[in-house]
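Following: one structure in structure tokens, then a few remarks.
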Amino acid sequence: MISQEQNDTYTRVGRGTPCGELLRRYWQPVALVDELDGPRPVRPVRLLGENFVLFRDEQGRFGMLDRDCPHRGADLAYGRLEAGGLRCPFHGWLFDATGKCLETPAEPVGSKLCDRIRQGSYPVAVRSGIVFAYIGKGTPPAFPDLDCFVAPETHTFAFKGLWECNWLQSLEVGMDPAHASFLHRFFEDEDPEASYGKQFRSTSIDSDLPITKVLREYDRPQISVASVPHGLRLTSLRPIDETQTHVRVTNIVFPQAFVIPMSPTVTITQWHVPVDDHNNYWFTLFTSFTDPLDKKTMREQRLATYPAPDYKPLRNRSNNWGYNPAEQQAQTYLGMGFDINVHDQWACESQGPIQDRTREHLGQSDKAITAYRRLLSAEIEKVAAGETPLMHLDAAQAATLRGPVSFDGVDRAGDVERYWRDGDARRRAAAPWGAEVEA
Amino acid sequence: MTDVTFILRDGSRRTLDIPEGSSVMQAAVMENLKGIDGECGGCLSCATCHVYIEAIGAGELPPIDEEENALLDGVAAERRPESRLSCQILATPGLSGLVLRVPERQM
């Protein structure tokens with residue numbers, strides 16, 4: 001339970017708000033590279049309550065500019081992509097990817113107006129199929145050498161989806177290991193072999209237990225939270241019997257991503273990026289430690305329920321997320337189908353546009369949430385005091401980060417930390433792309 | 001309404017006028033008083049609203065029951081004879097003048 005004032009501090013992210021200023025100190029995912037692959041690579045972007053236009057010029061360079069034309073405010077997202085930039089269809093003003101005004105064709109010959117105009121432009125970087133932008137003050141941080149950024153293009157796949165609620169409640173579901181035993185419970189286990197590219201369908205490492213069975217039958221995880229250089233590490237233990245313990249290691253990469261295992265060989269890194277105070281996009285990067293990913297299959301699976309161009313899920317509040325009481329009775333705990341993304345989406349969206357945390361009651365299984373909020377408070381205060389927040393890295397610091405370890409397996413030796421560290425190291429040693437071990 | 005004074009970690013004092021029936025923890029959290037967390041919202045599962053009783057007004061505090069006693073064993077700061085969980089202290093007019101000290105830490 002927190003006060004209204006505290007809840008506002010965490011959830012309001014417009015320019016000038018304390019948390020908004022913190023989040024502006026990081027690279028933010030703004031689009032999939034896929035979105036700028038078509039015949040007209042121009043996309044409107046709304047990020048942290050501000051409007052931009054992202055485009056790729058004729059030479060393939062990315063640019064992100066303020067969306068309103070500096071002439072009379074018309075919408076550059078409807079611009080003409082030509083002549084080395086993006087042209088406003090209102091009076092033909094032309095801007096390049098850096099925001100430089102190249103032409104104001106209606107002005108008299110010899111006019112210098114163009115030289116004195118500069119459209120707001122923002123640094124853009126592409127990593128692993130995601131376009132990131134930096135809209136904060138000063139120099140952008142360096143990208144850390146985490147698996148999802150280090151792995152080759154063949155071994156990563158990126159996708160995104162819209163959730164109609166605040167970013168923080170969406171991120172908080174990613175640091176809540178207990179919910180998976182309930183919200184994602186299936187009454188029968190699928191054949192893991194037939195579940196390529198889906199979450200929570202595989203077997204745990206070193207066992208023949210489907211993860212769905214572990215979650216269903218062992219529902220009181222012992223959760224511990226550790227502070228680590230990238231944020232938080234969560235370890236969830238589910239004792240199965242006297243000799244076996246199910247171990248799941250997950251992470252928060254501060255400020256906005258979690259890293260979790262999808263299968264023994266694939267991890268998920270997922271950002272929750274505020275569109276504004278009431279909406280956020282999740283951006284997920286799948287990273288494989290073994291075979292190249294079948295991107296076509298993974299993309300088609302997801303586009304079927306998160307159609308382009310807005311990636312708004314077909315199941316949403318307007319149709320009760322497809323809720324089916326008969327299914328809830330017989331097949332799933334929630335009754336909204338077998339895609340666990342929908343389950344999480346319902347949990348978060350049903351809390352309302354911004355969860356009223358003055359009415360919550362956190363339990364011991366929510367300890368990572370309270371640890372994260374403490375961290376968020378501390379880093380918000382650092383930025384307000386003019387200091388550099390956690391994970392706003394320089395190049396030297398960024399090069400020291402690895403991993404992070406995310407792991408799902410069954411320990412039989414009674415030393416869980418050694419178990420997941422050894423298991424992770426073996427997986428990395430076998431990876432074709434030289435994944436290094438986290439310190 | 002009940003006047004309850006908190007001595008904060010920096011030594012400053014802050015007095016809240018708490019409506020009857022509200023818990024001291026709830027009032028402190030809703031007023032953003034630093035040092036009282038109250039994560040569980042008052043359902044006796046977190047022990048993050050620990051306080052030391054400095055002075056009692058005219059009335060009497062409710063006795064410590066078994067559950068509060070067990071949780072007090074797990075508070076992050078030192079448990080002292082004057083330790084209480086502020087979620088278990090409901091404001092009554094008789095308690096006006098209560099003075100509480102915020103402990104060094106709750107986690």
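For A:PRO105, state whether it is more than 14 Å from chain B (Cβ to nearest Cβ), touching a residue at least 24 places away in the same chain (Cβ under 8 Å) and out of contact with any strand residue (DSSP E or B) (no Cβ under 7 Å at 6 or more places or on another chain). In short, no. Pairs meeting the criteria (first residue in region A:1-25 and within 14 Å of chain B (Cβ to nearest Cβ), second residue assigned to a loop (DSSP other than H, G, I, E, B) and among the small types (Gly, Ala, Ser), beta carbons under 8 Å, at least 6 apart or on different chains) are A:MET1/B:GLY38; A:MET1/B:GLY41; A:MET1/B:GLY42.
Residue by residue, here is whether (1) surrounded by 23 or more Cβ atoms within 10 Å (Cβ to Cβ); (2) in contact with a helix residue (DSSP H, G or I) (Cβ under 7 Å, 6 or more places away or on another chain); (3) closer than 30 Å to A:HIS343 by Cβ; (4) in the same structural domain as A:HIS343 (by TED's automatic domain parsing) holds:
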{"position": "A:VAL124", "(1), (2), (3), (4)": "no, no, no, no"}
{"position": "A:ASP147", "(1), (2), (3), (4)": "yes, no, yes, no"}
{"position": "A:GLU164", "(1), (2), (3), (4)": "no, yes, yes, yes"}
{"position": "A:PHE182", "(1), (2), (3), (4)": "no, no, yes, yes"}
{"position": "A:SER207", "(1), (2), (3), (4)": "no, no, yes, yes"}
{"position": "A:ILE211", "(1), (2), (3), (4)": "yes, no, yes, yes"}
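On the given criteria, is A:ARG428 on the phi < 0 side of the Ramachandran plot, of a type in the set (D, E, K, R) and at pLDDT below 95? Judged against the criteria, A:ARG428 is a match.
A:LYS296 satisfies every condition listed in (1) assigned to a helix (DSSP H, G or I); (2) touching a helix residue (DSSP H, G or I) at 6+ places or on another chain (Cβ under 9 Å); (3) modelled with pLDDT of 95 or more except (2).
Filter region A:306-332 down to the residues that are surrounded by 16 or more Cβ atoms within 10 Å (Cβ to Cβ) and in contact with a helix residue (DSSP H, G or I) (Cβ under 9 Å, 6 or more places away or on another chain), then identify the one that is nearest to A:VAL33 (Cα to Cα). Step by step, filter region A:306-332, then rank; the result is A:TYR311. Among residues of region A:333-355 being assigned to a loop (DSSP other than H, G, I, E, B) and out of contact with any helix residue (DSSP H, G or I) (no Cβ under 7 Å at 6 or more places or on another chain), the one that is nearest to the other protein chains (Cβ to nearest Cβ) is A:GLY352. Residues considered: B:SER45, B:SER96. Of these, the only one that is within 13 Å of another protein chain (Cβ to nearest Cβ) and either more than 27 Å from A:ARG373 (Cβ to Cβ) or polar (S, T, N, Q) (or both) is B:SER45.
One residue alone among B:ALA76, B:ALA70, B:ALA27 is assigned to a loop (DSSP other than H, G, I, E, B) and among the small types (Gly, Ala, Ser), and that residue is B:ALA76. Set side by side, the residues B:GLU78, B:GLU66, B:GLU54, B:GLU39 differ, and just one is among the acidic types (Asp, Glu) and surrounded by 16 or more Cβ atoms within 10 Å (Cβ to Cβ), which is B:GLU39. If you check B:GLY59 against the conditions, is it facing another protein chain (nearest Cβ under 10 Å), part of a loop (DSSP other than H, G, I, E, B) and either in contact with an Asp or Glu (Cβ under 9 Å, 6 or more places away or on another chain) or surrounded by 12 or more Cβ atoms within 10 Å (Cβ to Cβ) (or both)? Taking the combined requirement at face value, the residue does not satisfy it.
Scanning region A:220-245 for residues that are more than 26 Å from the chain's Cα centre (by Cα) and either buried (at least 17 other Cβ atoms within 10 Å of the Cβ) or part of a loop (DSSP other than H, G, I, E, B) (or both) returns A:ARG220, A:ARG238, A:ILE240, A:ASP241, A:GLU242, A:THR243, A:GLN244, A:THR245. Within region B:1-24, can you find the residues that are part of a loop (DSSP other than H, G, I, E, B) and within 14 Å of chain A (Cβ to nearest Cβ)? Matches in region B:1-24: B:SER22 only.
The values are calculated or read from the model by the stated rules, or taken from the named source; none is laboratory data. Predicted model, so just to flag it, every value in this text is computed and none were measured. Please note: Cβ atoms are built from the backbone with ideal geometry, for glycine as well, and neighbour counts cover all protein chains shown.
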